[in-house]
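Enquirer: Please find one structure pasted underneath; my questions will follow.
The values are calculated or read from the model by the stated rules, or taken from the named source; none is laboratory data. Because the structure is a prediction, the values reported are computed rather than measured. Cβ placement follows ideal geometry from the backbone for every residue including glycine, while neighbour counts extend to all protein chains displayed. Protein only, heavy atoms only, side chains kept; ligands, DNA and RNA dropped before computing areas. Shrake-Rupley method; radii C 1.70, N 1.55, O 1.52, S 1.80 Å.
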Amino acid sequence: MLKVENLYHAFNRRTILEDINFSVEKGQLCGLFGPNGSGKTTLFQCCLGFIRPDKGMIRFLDKDIRKLTIRETAQHVAYVPQHHTQPFPFQVEEMVLMGRTPHMRGFYKPAKKDQAAARTAMERVGISNLAREPFDILSGGQQQLVLIARAIAQGTDMIFLDEPTSALDFRNQTLVWKALRQIADQGTGILACSHDPNHVAWFCDTTVVLGSPGLVAKGDPSKVFSQQLMDEIYKGACEVSHAMDLKIILPSGLTRHPAEAAGC
Amino acid sequence: MKLNGKALLLKLDFLKQNKTAGLTGLALLVAGTACFCMGTGAKYIPAAMVGKTIFSHISGFWDGSDISPLYHTIIWKIRTPRALLAIMTGVCLASSGAVFQGCFKNPLVEPYILGTSSGAAFGAALGIMFPSFFMSVQMLAFAFAFLAVGLAYTMARTRGETPLVNLILSGIITGSIFTALVGIVKYLARDEALREIVFWLMGGFYYAGWTDVSLMLPVALVGFLILWSHGWKLNILSMGDKEARALGIDPEKNKFILISLSTLMTAAAVSSVGIIPWVGLMIPHAARLIFGPDHRVVLPASALLGALYLLICDTIARTLTQTEIPVGIITSLIGAPYLFFLVRTRGQRM
């Protein structure tokens with residue numbers, strides 16, 4: 001569905017992306033992952049058409065994104081920002097309805113089917129009860145769900161999320177990732193940036209790991225995430241362990257609290 | 001105070017659900033207020049008579065010969081163009097204020113932010129100081145208003161994009177340059193010209209006539225309709241450039257169209273009536289408070305409220321004392337406490 005081939009990009013003469021190749025298929029939840037400064041955001045913005053890569057090809061459903069207009073791109077890919085500040089108190093319903101914009105024509109008057117799509121999207125992430133609430137008073141987790149509902153309402157083949165859970169508490173992180181898992185299972189391709197290797201290990205089908213510069217590993221996280229890989233990208237800061245049949249990444253040298261260990 | 005604000009918001013919720021009814025009511029209110037305001041003044045004329053006189057002029061089949069010629073002169077030659085000019089200025093300033101606030105994602109932006117007012121002020125000051133110049137005061141003001149915004153926009157543009165921070169900064173820069181230039185003109189001007197410049201800067205509808213109306217009507221009407229047709233896009237633009245792009249709206253193209261059109265409208269208003277503050281800043285706030293943030297409603301509501309506000313302020317300006325007070329003073333004196341009220345009650349939610 002999304003196919004990235006031989007992508008190169010440099011910024012201020014520093015190579016950020018080098019020879020990136022990967023693809024995301026229908027129904028896959030792909031975690032894009034790597035340390036700070038490894039080019040996650042740049043790759044992300046290239047895929048969305050916000051910046052034009054120096055070399056290489058990005059395709060959606062075999063169409064070159066350089067040949068798509070802004071409107072056509074928006075019909076193929078939806079984008080969920082990491083954080084959204086809203087200066088005006090739009091209601092949740094209105095925010096979700098805005099996702100229908102690439103399908104509206106003329107004076108952009110939302111039609112019955114747009115309203116219906118917005119309602120379905122809100123039901124799918126379980127925020128129908130918030131429809132009339134102003135977006136700006138919601139909690140961080142609820143706001144993220146609204147933005148995801150907007151992306152669903154956009155009715156695209158793919159959804160890109162920029163660190164969807166970076167500002168959320170533990171419960172909301174799980175809630176958002178589970179929602180993403182469910183959306184992917186219903187046939188949408190998802191590419192999500194994350195800083196937390198555990199999220200990728202627990203929820204994603206496939207992963208793209210970036211080091212600097214270039215691709216370090218890709219594929220099923222349960223196979224890809226090895227002690228060697230973690231040592232390479234995090235310089236020995238963490239250990240790969242197991243819980244149930246999942247991998248779990250722990251900080252290395254973790255001991256119990258020193259005060260308790262000393263028997264105080 | 002806090003409780004009152006809440007009760008007010010509850011009452012206003014009715015209008016958030018019934019937007020068409022609210023807008024129609026507002027339009028009727030503007031028409032009624034216009035009739036009342038045209039009756040008020042040095043010579044009081046009942047509103048019904050005002051309506052009758054205007055009707056006799058716009059309907060082709062009745063010449064209103066039983067109305068006194070004095071009424072014809074006062075209503076049709078003096079007060080009607082003045083009221084129309086106030087309405088159109090209100091429409092231009094308030095709707096372009098709403099557009100600027102939407103484009104800049106910032107509810108504290110006003111249409112003068114890119115230097116329109118200081119540019120116009122310099123143009124007008126030049127025109128007043130050199131009356132023999134081939135362009136009129138109005139045209140000079142208009143030309144310099146556009147020049148200032150053009151400068152600000154060009155300065156802000158880097159690598160095919162116009163980031164908001166750049167735009168605001170370059171607006172401040174051009175604004176201060178032209179303010180300094182106005183200072184030079186004021187310093188060099190003779191007493192008479194200086195007095196005239198100062199009066200122009202405070203804004204007013206003193207010399208309103210049918211020529212001004214015919215010059216401004218197309219700009220106000222066509223400009224407003226195009227802005228209104230971009231209402232939904234403005235909602236999307238207020239999400240920020242990246243999200244707008246991802247939602248299929250080209251931010252650069254649409255912001256350019258909207259900003260140039262609002263600049264045109266602001267410049268047309270400023271060049272014919274001078275610098276009238278506060279309308280473009282606070283009226284869109286009032287519109288959002290009443291009708292919610294959807295720009296498809298905020299734009300017409302701002303236009304109507306702006307018209308209403310300027311009609312009332314101008315009537316106060318010309319009737320409060322023996323001589324006329326510049327209307328800019330009235331709009332600020334009434335506007336500032338209102339914004340204070342807004343800031344205090346907004347703490348809960350707007």
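Enquirer: Residue by residue through B:293-299, how many Cβ atoms from other chains fall within 10 Å of the Cβ on average?
Expert: If you average over the peptide's residues, the count of other-chain Cβ atoms is 3.
Enquirer: Can you give me the distance in nm between label points at residue B:344 and residue B:253, each placed 7 Å from the Cα along the Cα-to-Cβ direction?
Expert: Once both label points are built, they end up 4.8 nm from each other.
Enquirer: So, one more: Give me the percent of DSSP beta bridges within the range A:2-221 that run antiparallel, rounded to the nearest 5.
Expert: Antiparallel bridges make up about 55 percent of those DSSP assigns within the range A:2-221.
Enquirer: Probe of 1.4 angstrom, ligands and nucleic acids ignored: what's the accessible area per residue over chain B, in square angstrom?
Expert: Value for chain B: 44 Å² per residue.
Enquirer: Where a ≥ b ≥ c are the square roots of the eigenvalues of the C-alpha gyration tensor, would you call the protein assembly as shown rounded, which needs a/c under 1.5, or, failing that, prolate if a/b is larger than b/c, or oblate?
Expert: Note, shape of the protein assembly as shown comes out prolate.
Enquirer: Residue B:52: which lysines have alpha carbons under 26 Å from its alpha carbon, excluding same-chain residues fewer than 8 sequence positions away?
Expert: Straight-line reach from residue B:52, under 26 Å: B:43, B:77.
Enquirer: Within chain B, which complete DSSP H helices have Cα atoms spanning at least 18 Å along the helix axis and a mean Kyte-Doolittle hydropathy of -0.5 or higher?
Expert: Helix filter hits for chain B: B:2-17, B:19-39, B:80-103, B:116-129, B:137-156, B:164-188, B:210-229, B:251-273, B:295-319, B:327-346.
Enquirer: Measuring from label point to label point, each 7 Å out along Cα→Cβ, what is the residue A:3 to residue B:198 span in nm?
Expert: Result for the modelled spin labels: 7.5 nm.
Enquirer: Which order do B:212, B:66 take when ranked by solvent-accessible area (1.4 Å probe, heavy atoms of all protein chains), largest first?
Expert: B:66, B:212
Enquirer: So, by mean Cβ neighbours within 10 angstrom, what's the order for A:195-202, B:188-195, A:214-221 with the highest one leading?
Expert: Ranked from most to least packed, the peptides come out as A:195-202, A:214-221, B:188-195.
Enquirer: Can you list the lysines whose alpha carbon is less than 29 Å from that of residue A:26, not counting same-chain residues fewer than 8 positions off?
Expert: List returned: A:3, A:40, A:55, A:63, A:67, A:112, A:113, A:178, A:218, A:223, A:247, B:242.
Enquirer: Something else about it: Note down the relative contact order for chain A as a percent, whole number, built from C-alpha pairs under 8 angstrom at least six residues apart.
Expert: Rounded, it is 25 percent for chain A.
Enquirer: Now for a different question. Using Cα pairs closer than 8 Å and at least 6 residues apart in sequence, work out the relative contact order for chain B, in percent.
Expert: The value is 28 percent.
Enquirer: What order do you get for A:245-255, A:20-30, B:111-121 when each peptide is scored by the mean count of other beta carbon atoms within 10 Å, highest first?
Expert: Those peptides, ordered most packed to least, come out B:111-121, A:20-30, A:245-255.
Enquirer: Further question on the same structure: Determine which aspartates and glutamates satisfy two conditions relative to residue B:105: a Cα distance under 15 Å, and not lying fewer than 8 residues away in the same chain.
Expert: Once the sequence-local aspartates and glutamates are set aside, what remains near residue B:105 is A:136, B:241, B:243, B:252, B:294.
Enquirer: Going 7 Å from the Cα of residue B:322 along its beta-carbon direction, which residues of the range B:25-53 have the amide nitrogen within less than 19 Å of the resulting point?
Expert: Counting backbone N atoms under 19 Å from the label point, the list is B:41-44.
Enquirer: Per-residue mean of other chain beta-carbon atoms within 10 angstrom of the beta-carbon, peptide A:81-89?
Expert: Average per residue, whole number: 6.
Enquirer: Then there is this: Students often check this: by mean Cβ neighbours within 10 Å, which of A:185-194, B:141-150 ranks highest, and how do the rest follow?
Expert: Highest mean packing first, the order is B:141-150, A:185-194.
Enquirer: What does the C-alpha gyration tensor say about the overall shape of chain A? Classify as rounded when a/c is under 1.5, otherwise prolate if a/b is larger than b/c, or oblate.
Expert: Oblate, since a/c reaches 1.5 and b/c is not below a/b.
Enquirer: Could I ask something else about it? What does DSSP give for the protein assembly as shown in terms of the percent of beta bridges that are antiparallel, rounded to the nearest 5?
Expert: Around 60 percent of the beta bridges assigned by DSSP in the protein assembly as shown are antiparallel ones.
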